[in-house]
Protein chains: 4
Amino acid sequence: MTGSVAPGRPRSESARVAVLHAVDDLLVEVGYSAMTMKGIAERAGVGRMTVYRWWPTKAHILVEACAEDARGELAVTAHADPVRTLTDFLAGLAAFLTASPAGAAYRALLGEAQHDPEVGRLVADADLLGAPARVVLDHVRSRLGAVPEDRFAVAELCGPLALSVMTGAPAPARPALRAMARRLATAWA
Amino acid sequence: MTGSVAPGRPRSESARVAVLHAVDDLLVEVGYSAMTMKGIAERAGVGRMTVYRWWPTKAHILVEACAEDARGELAVTAHADPVRTLTDFLAGLAAFLTASPAGAAYRALLGEAQHDPEVGRLVADADLLGAPARVVLDHVRSRLGAVPEDRFAVAELCGPLALSVMTGAPAPARPALRAMARRLATAWA
Amino acid sequence: MTGSVAPGRPRSESARVAVLHAVDDLLVEVGYSAMTMKGIAERAGVGRMTVYRWWPTKAHILVEACAEDARGELAVTAHADPVRTLTDFLAGLAAFLTASPAGAAYRALLGEAQHDPEVGRLVADADLLGAPARVVLDHVRSRLGAVPEDRFAVAELCGPLALSVMTGAPAPARPALRAMARRLATAWA
Amino acid sequence: MTGSVAPGRPRSESARVAVLHAVDDLLVEVGYSAMTMKGIAERAGVGRMTVYRWWPTKAHILVEACAEDARGELAVTAHADPVRTLTDFLAGLAAFLTASPAGAAYRALLGEAQHDPEVGRLVADADLLGAPARVVLDHVRSRLGAVPEDRFAVAELCGPLALSVMTGAPAPARPALRAMARRLATAWA
DNA sequence: GCTTAAGCGAGACGGTACGTCTGGTCTTACT
DNA sequence: AGTAAGACCAGACGTACCGTCTCGCTTAAGC
């Protein structure tokens, strides 16, 4: 019988969600580098200690705030034709990276990961792109014979779009994405 | 022929190179986020105003400091076999991204570009990966019939490795890179 | 007769004395300004609310903790010779102000009284020096003809030593105290 | 030849006096304990680092701010009659301690000295009461034969009023001060 | 023996000052 | 006019304590 209950006042759920929403809002309003722990606390109407008590850096808050959204936006319905499945995923990924608040958070996090190894581990553990990508890969693997192992397949599936967007290119149009998916299917046939 | 010479004391070349060296050193020693304008000036033995006079942010210094090295490290000698050419390029790229100081600078800049649109433009203009990649693409295009247009081809060539390294994965070994090159050659055949 | 008894759990005597002891200890260990309500509660093994419920500030706790000791340490046995009585009192006062924990508490309170008028009232009401001094004055008044009224006599008796100690001087030796007592007796003869 | 000049921008005199005035104002407006380094900087229209660069604590600022005023207010013109000289000094001291901003600063500092030994040393070194008192003592010593050595004489001269005021009593009226001066003259005759 | 009500410990809460740091700007004298 | 030095104002950093609150538990008096 575990039964033991933490003593003292329990954590405030309302403070938690206020912080997560504040981070969401501030990221799009002022950008990642202008988003400060102080600003988050004030925007959320929360004490600064309350923020520091539960999250060590703004990156940690951002991961928690966007993880759920990210997984939802990258989910895809499978089709018999692997090219269509891949195209759908690429279209979702392009929209995510270029137009979604959660995608902006992801890019900010991936950027911060290049500056701070601890954020790097955080992002690697969250595996925000890899998890949805693996769902797609599991499906196309039954139709294509030479899909490489996950770590390469995820990179080949998501890397071109990710690098493209991160270097400032606009999201490719659907026909270009379909051509990209076809090349992948050819390579993995 | 302007002939006119700026009046007053000319810009100090020694201060310029001292700053560029200081940035190189500090990036590997303390990392991008711990590298401050103040620290750069002190390390270079230079006044802070001198740094601000010539570069608006540390990102600008970093671009100037690493651009040349970056291009050099990604040059590749062409072979008759496109797979070998691609493999060599991928190996160079993997080494650049994971082991080279210039590569660390590139990752830091690409990261900062996600936080600051002006740095984004700077990185896009410098086109550090794209330029060497296009040299390779121009060569393999004579042996492969379906290499897509540059903006997609560069992304498909560099994106998988870039995303992989940026999410914390180690550099793939040579056989895996050769397999990756073969898949590209298949897709672009 | 009210006879009515408060319902509910009665105040915990053990918590009360634990707090008073904690304050005594902390004053000598860390000093007045480093002594916090939080620290007092933790040292006493008591909840912070329990402290705030019964005392509004640390000054109030300190008064309660030291008042009794203070009065005891300043009591003096009367002699036929008023100079000897005054000398004994001054010696006790000097020891109290420089060497006694209760004296340290008194000085801290008198100091705090200069910052916070409410503490000033508290200290004035407790009258920690005045009460023992008046006992001495009542005695010497029967041997000396011109002891001024209490409020001046207490100040002239205690003030020199108090100011001296509060400005950092060490306690005078017994002969100097005897000389001081003689001068008082002369002035008040 | 000393001739050497400190390099860099010289200290701003305007910032210095702004801080000193801010401290003067804040002490009377909000009191010592509510006077914060942050508040001083804001009131002075000065950066917080500028305050910390030149003064480690608010006590240090206060000493610098009130030292000059204090000496001026406690100066006294000597008379042939030592009782009159002493009475004048006591009247000045009473006004200083109860009505002057500089006197309020002195009381606050003496209070803080009881909490913080470093402030104690600061106040002891400044010797704000002792210096003016010694001027008076030097004068009356030529008319009175038994003025004790300085450290006791200063305490006997200033201590009664100081303790009286610090324990909350109002300033005595002139006749009471004259009586006090007469007692001192008798004791020191 | 059950109810009632207040005290108790723990610890999270919003708030704010602390002292430090960096950012960018400025003001010197020197080169 | 460019430079090294360093002071300037501004404001975020992460920590500490403030005084309050919200829990579940304890302790007695009174029904």
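Tell me yes or no: at least one residue of region A:21-41 is within 8 Å of DNA strand F (Cβ to nearest atom) and among the hydroxyl-bearing types (S, T, Y). Yes - at least one qualifying residue is present in region A:21-41.
For region A:114-171, the helices (runs of 4 or more DSSP H) that sit wholly inside it and include 2 or more residues that are in contact with a Leu (Cβ under 9 Å, 6 or more places away or on another chain) and under 18 Å from A:A75 (Cα atoms) are A:130-141, A:150-166. Among the residues of region C:43-55, write down those that are open to solvent by less than 80 Å² (accessible area, probe 1.4 Å) and within 24 Å of C:G120 (Cβ to Cβ). Across region C:43-55, the qualifying residues are C:V51, C:W55.
All told, C:I40 falls short of being more than 8 Å from DNA strand E (Cβ to nearest atom), buried (at least 18 other Cβ atoms within 10 Å of the Cβ), among the β-branched types (V, I, T) and under 18 Å from C:E118 (Cβ atoms). One residue stands out in region A:143-152 among those that are touching a Pro at 6+ places or on another chain (Cβ under 9 Å) and closer than 15 Å to A:A187 by Cα: the one that is nearest to the other protein chains (Cβ to nearest Cβ), namely A:F152. Residue-level analysis places D:A34 among those that are within 16 Å of DNA strand E (Cβ to nearest atom), within 23 Å of the chain's Cα centre (by Cα), within 14 Å of another protein chain (Cβ to nearest Cβ) and of a type in the set (A, V, I, L, M). Return the residues of region A:173-183 that are in contact (Cβ under 8 Å) with a residue 12 or more places away in the chain and at the interface with chain B (Cβ under 7 Å from one of its Cβ atoms); say none if nothing qualifies. Correct list: A:M180 only. The residue that is nearest to DNA strand F (Cβ to nearest atom), among those in region C:52-66 that are among the aromatic types (F, W, Y) and in contact (Cβ under 8 Å) with a residue 24 or more places away in the chain, is C:W55. Comparison of B:A162, B:A126, B:A133 shows that the only residue that is within 12 Å of chain A (Cβ to nearest Cβ), surrounded by fewer than 23 Cβ atoms within 10 Å (Cβ to Cβ), under 22 Å from A:A176 (Cα atoms) and in contact with a helix residue (DSSP H, G or I) (Cβ under 6 Å, 6 or more places away or on another chain) is B:A133. Here A:A146, A:A173, A:A181 are screened, and the one residue that is assigned by TED's automatic domain parsing to the domain that holds A:L129, open to solvent by less than 30 Å² (accessible area, probe 1.4 Å) and of a type in the set (A, V, I, L, M) is A:A181. Of all residues being over 9 Å from the mean Cα position of the chain (by Cα) and open to solvent by less than 10 Å² (accessible area, probe 1.4 Å) in region B:75-109, which is nearest to the other protein chains (Cβ to nearest Cβ)? Just the residue, please. In this case the residue turns out to be B:A108.
Using the structure shown, decide if D:M49 is touching a residue at least 12 places away in the same chain (Cβ under 8 Å), within 13 Å of DNA strand E (Cβ to nearest atom) and not small (G, A, S). In short, no.
Remark: pairs (first residue in region D:6-17, more than 14 Å from chain B (Cβ to nearest Cβ); second residue of a type in the set (A, V, I, L, M, F, W, C) and within 7 Å of DNA strand F (Cβ to nearest atom); Cβ separation under 6 Å; 6+ apart in sequence or on different chains) = D:A15/D:V46.
The values are calculated or read from the model by the stated rules, or taken from the named source; none is laboratory data. Predicted model only: the values in this text are computed from it and were never measured. In this analysis, Cβ positions are derived from the backbone assuming ideal geometry, glycine residues included, and neighbour counts consider all displayed protein chains. Just so you know, the surface numbers come from the protein's heavy atoms only, side chains and all, with ligands and any DNA or RNA stripped out. Shrake-Rupley method; radii C 1.70, N 1.55, O 1.52, S 1.80 Å.
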